[in-house]
2 protein chains.
Amino acid sequence: MTPPSSKLSARRKSRPSFAPLSAHEAELAEFFVRMAGILGVPRSVAEIYSLLYASPAAVDFDQIQGRLGMSKGSVSQGLKFLRDQGMVLSVKAPGSRRERWQPTPSLAASLVTLLRSQVLPALEQSSPSLDRIVQGAQGTQASPAVIERLTQLRRWNARALELFPLMLPPPRES
Amino acid sequence: MTPPSSKLSARRKSRPSFAPLSAHEAELAEFFVRMAGILGVPRSVAEIYSLLYASPAAVDFDQIQGRLGMSKGSVSQGLKFLRDQGMVLSVKAPGSRRERWQPTPSLAASLVTLLRSQVLPALEQSSPSLDRIVQGAQGTQASPAVIERLTQLRRWNARALELFPLMLPPPRES
DNA sequence: TTGATGTTTCAATATTTTTTGAACATACGC
DNA sequence: GCGTATGTTCAAAAAATATTGAAACATCAA
């Protein structure tokens, strides 16, 4: 049954087969996937994070791909996302050029960063719009009730913009 | 040019044409769409809410459809969503069976409800999973570091579950 | 340098989500 | 009660998003 197989010494390229997720690992992944879904983070990203989170040691690219059964492209993109959000860190093994990944120490901090990266741009883009809208409403034909609503909206927007930066220092430049 | 048109009295079915959104209305809609997007609420729903929000008086089904240029199905589903979240209210004109819609007074309260409806189910579903996972990890082969992580995760989950119900009373039954 | 290993890119494909619209229900004014 | 104005449902179409995989690229050990 074994293919014209390896000479005894020709161990080199053995495509190592990777263990599929254990039941508990899979269940944890589902947890992360659900939570990530709320913020629109794709399944593959949540799965990668979950795997690292449940692993006692840093995990390399091939293991991620193998154990999760996903494509190189997805692993690469997923890691990029997590890296950009500051949610994972890489360490390099000594004599190897391969990177090994692990979750950033504080999940809480990671989540704040993630949230900020989703919400802040929306708030910022909206500020000038809201100003224009409120002005437009005040200018001409608009019921006082509507003006009141819009004004409050703008107040909130401004408040949120002030508050957010306080939550944590912004992610460092690369 | 006018088609074999209406007898003078046959005014009945005049398909009233609806004004497209003003520039400011459109800009406000984009604001709501962006914000809604963060939580995965579809564009059509955000547009409907935005229209009501910027309207001095309650708006009926046909106006929503006409001014936003969307299908009946979308309007119906959108209103259902907003209704279920307690984000809009309807009032009925006296001698008409037509409903007219307006936003619920407190946008803040609406947002909390919306958030809860997204997050709570995920938290609840996850509770038993997390218990199992932590137990599994403690049982056998698991590094203390991983056990620590998982335990904290469960702690957070529990905390969030306690906290959420305090934020506002749950939506009333229909 | 060089070549093999390790990673990224991106166009094509698959999947999921949203929207449409016509058929179906409902209830209200007459 | 009837007929129609008013809404809802849901299968199918369209749009948005995620994933794949092969080719391009980068980097380091030799």
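The values are calculated or read from the model by the stated rules, or taken from the named source; none is laboratory data. No experiment lies behind these values; they were computed from the predicted model shown. Note that we place each Cβ from the backbone using ideal geometry, even for glycine, and neighbour counts take in every protein chain shown. The area values use the complete protein model at the heavy-atom level, side chains included, leaving out ligands, DNA and RNA. Shrake-Rupley method; radii C 1.70, N 1.55, O 1.52, S 1.80 Å.
Values computed for the structure shown
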quantity	calculated
Any chance A:Ser22 is away from DNA strand D (no atom under 15 Å from the Cβ), open to solvent by 30 Å² or more (accessible area, probe 1.4 Å) and either under 30 Å from B:Gly139 (Cα atoms) or assigned by TED's automatic domain parsing to the domain that holds A:Leu114 (or both)	yes
Total residues in region B:41-95, condition within 14 Å of chain A (Cβ to nearest Cβ), within 11 Å of DNA strand D (Cβ to nearest atom) and either within 24 Å of A:Thr151 (Cβ to Cβ) or at pLDDT below 95 (or both)	2
Residues of region B:96-117 classified as of a type in the set (Val, Ile, Thr) and in a helix (DSSP H, G or I), total	2
In region B:68-80, the residues that are within 21 Å of B:Glu25 (Cβ to Cβ) and either polar (S, T, N, Q) or surrounded by 18 or more Cβ atoms within 10 Å (Cβ to Cβ) (or both)	B:Leu68, B:Ser71, B:Ser74, B:Val75, B:Gly78, B:Leu79
Positions within region A:118-163 being assigned to a helix (DSSP H, G or I) and of a type in the set (Ser, Thr, Tyr), in sequence order	A:Ser126, A:Ser127, A:Ser129, A:Thr151
Test: residue in region A:56-66 that is touching an Asp or Glu at 6+ places or on another chain (Cβ under 8 Å) and assigned to a helix (DSSP H, G or I)	yes
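One line per residue, one yes/no per condition, for (1) closer than 30 Å to B:Glu27 by Cβ; (2) under 15 Å from the mean Cα position of the chain (by Cα); (3) surrounded by 12 or more Cβ atoms within 10 Å (Cβ to Cβ); (4) assigned by TED's automatic domain parsing to the domain that holds A:Ala57:
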{"site": "A:Gly95", "(1), (2), (3), (4)": "no, no, no, yes"}
{"site": "A:Arg98", "(1), (2), (3), (4)": "no, no, no, yes"}
{"site": "A:Val112", "(1), (2), (3), (4)": "yes, yes, yes, no"}
{"site": "A:Arg116", "(1), (2), (3), (4)": "yes, yes, yes, no"}
{"site": "A:Ala122", "(1), (2), (3), (4)": "yes, no, yes, no"}
{"site": "A:Asp131", "(1), (2), (3), (4)": "yes, no, yes, no"}
{"site": "A:Val134", "(1), (2), (3), (4)": "yes, no, yes, no"}
{"site": "A:Thr140", "(1), (2), (3), (4)": "yes, no, no, no"}
{"site": "A:Arg149", "(1), (2), (3), (4)": "yes, no, yes, no"}
